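Taking it in order: structure first as structure tokens, then the write-up.
Values quoted throughout were computed directly from the atomic coordinates according to the rules given, and no laboratory measurement underlies them. The structure displayed is predicted, hence computed values, not measured ones. Because the Cβ atoms are built from the backbone with ideal geometry, glycine has one as well, and the counts that use them run over all protein chains shown.
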Amino acid sequence: AVYKIAVLKGDGIGPEIVNSALRVLKRLGELSGVSFEFEEGLIGGIAIDQKGEPLPQETLELCLKADAVLLGAVGGPKWDNLPTSKRPEKGLLQIRKALDLYANLRPAKVYEPLISASPLKEEVARGTDFIVIRELTGDVYYGEPRGIFIENGKRVGINTMKYTEDEIRRVVKKAFEVALKRRKKLTSVDKSNVLEVSGLWRDIVEEEKKNYPDVEVEHLYVDNCAMQIVRRPSSFDVIVTGNIFGDILSDEAAVITGSLGMLPSASLGEKYALYEPVHGSAPDIAGKGIANPIATILSTAMMLRYSFNLERLASAIERAVELTLQKGYRTPDIYSEGCIKVGTEQMTDAIINSLEEI
Ligand code: NAI
Ligand code: MG
């Protein structure tokens, strides 16, 4: 089979880190006999400069006919003074909507040797390896009515928390399927002691549980979950939750790993999927050759797992990254004393070497 990947490098360090990930994928293809085909499209600031809009029609069409999309990052100071509707980040919102991506997967994994920037104590952080699945299309962000209204002559701000049964079910099913590919433990997070929407959410998790008898399910209130993530992070496997709780918990999960440059993500829909690092375009280090490519490389591992079902190749990439870190290679953002400080290219070489060893 040939897997067609739409490649959107974007701005800032985007091209550097995506090139690095493509080198790893190409080498993996040679080693395994699987073919990947890459086709590039413009997105973000560079698309504004060259085509006048952050998501040109031809880029969207390229994505719609690809098997998966790999994205670098968009944005930068050059475009910061444009109105919100014309900025590079608008391209991201547009593509997520056009591809109907409803489940955002963000793994939080702590690597050995530990990276010192984690705010957690070593004995708490060690062994952390979970994934937060955030619903992306519904919740209080989109529910109607919304707005600022006048009530009894005073202003009142209103948002509506709303989820349909189908919106909940599709993300919950996705979460069960992800759990089946991992350690088979699902934590569903809600606030069903006070929210009607959460009561429905919990009911649907209970209904779907019957279809996934191998998965162990726990329910946590969001406030308790926020505490448990810093108290016992290594006990979680897959966490699934709605849009607003997921927004908050996924940032909390990210910070406990201590390494923005190492966090991958996947956004999945029924037909399409987009993979990108969690971090942005890092304009402060763009063009210096020191960006950490690991988040993007790990995003391609997620692509192999969730879009192409190439589990063996996905874990080969993850093991190569782990092995490379164990050997002591570090880009400046994750460097600590005694390690080998390298730039983007050398880190990529080291990961490819590790890939060849396994
Ligand atoms: P950022 O994630 O780009 O950078 C935050 C800090 O982390 C910076 O000091 C940066 O140098 C560092 N950093 C990030 N990724 C790194 C990597 N791979 N290796 C080494 N260091 C890394 O966030 P910031 O500075 O808030 O935003 C910069 C631009 O990126 C803005 O235009 C923002 O809108 C955009 N952005 C784009 C996102 C996307 O494309 N998905 C997500 C977040 C921000
Ligand atoms: Mg956030």
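Comparing mean-square fluctuations of Phe245, Phe36, Phe176 from a GNM of the chain with C-alpha springs under 10 Å, the top value falls on Phe36.
Note on the chain: with a GNM built from Cα contacts shorter than 10 Å, the maximum mean-square fluctuation among Ala98, Ala68, Ala295 falls on Ala98. Rounded to the nearest 20, the size of the Cβ-charge dipole of the range 118-257 about its Cα centre is 220 debye, with Lys and Arg at +1 and Asp and Glu at -1. With Cα atoms defining each centre, the range 128-151 and the range 281-358 are spaced 33 Å apart in the structure.
One chain, two ends: Gln57 and Lys185. Fully extended at 0.36 nm per residue, the span grows by 42.0 nm beyond their Cα-Cα distance. In µm²/s, what is D for the chain at 20 °C and 1.002 mPa s, where D = kT/(6 pi eta Rh) by Stokes-Einstein and Rh is the Kirkwood radius from Cα pairs? It comes out at roughly 101 µm²/s.
Annotation: amide H of Tyr142 has no partner in the under-5 Å range at sequence separation 5 or more or interchain, hydrogens built in the peptide plane. Net charge dipole, the range 265-356: roughly 80 debye, given to the nearest 20, about the Cα centre with Cβ charges of +1 for Lys and Arg and -1 for Asp and Glu. In the chain, helical runs assigned H by DSSP with n ≥ 4 each contribute -39500 (n - 2.57); averaged across all residues and rounded to the nearest 500, the mean residue ellipticity at 222 nm is -13000 deg cm²/dmol.
Based on alpha-carbon atoms, the Kirkwood radius and the radius of gyration of the range 118-257 give Rg/Rh equal to 1.04. Dipole check for the chain: with +1 at the C-beta of Lys and Arg, -1 at the C-beta of Asp and Glu, and the Cα centre as origin, the magnitude is about 120 Debye. Ordering Ser250, Gly280, Ser118 by Cα displacement along the dipole of the chain toward the positive end leaves Ser118 in first place; charges were set at the Cβ atoms of Lys, Arg (+1) and Asp, Glu (-1).
Pairs of Cα atoms under 8 Å, at least six residues apart: use those to get the relative contact order of the range 118-257, whole percent. Relative contact order for the range 118-257 comes out at 40 percent.
Helices assigned as whole DSSP H runs in the chain whose Cα atoms extend at least 15 Å along their own long axis and whose mean Kyte-Doolittle hydropathy is -0.5 or higher are found at 14-32, 165-180, 243-257, 294-306, 311-326, 344-357. How many angstrom separate the Cα center of the range 194-257 from the Cα center of the range 87-120? Going from one Cα centre to the other spans 17 Å.
Farthest toward the positive end of the dipole of the range 118-257, out of Thr164, Asn224, Gly147, is the Cα of Asn224, where the dipole comes from beta carbon charges about the Cα centre.
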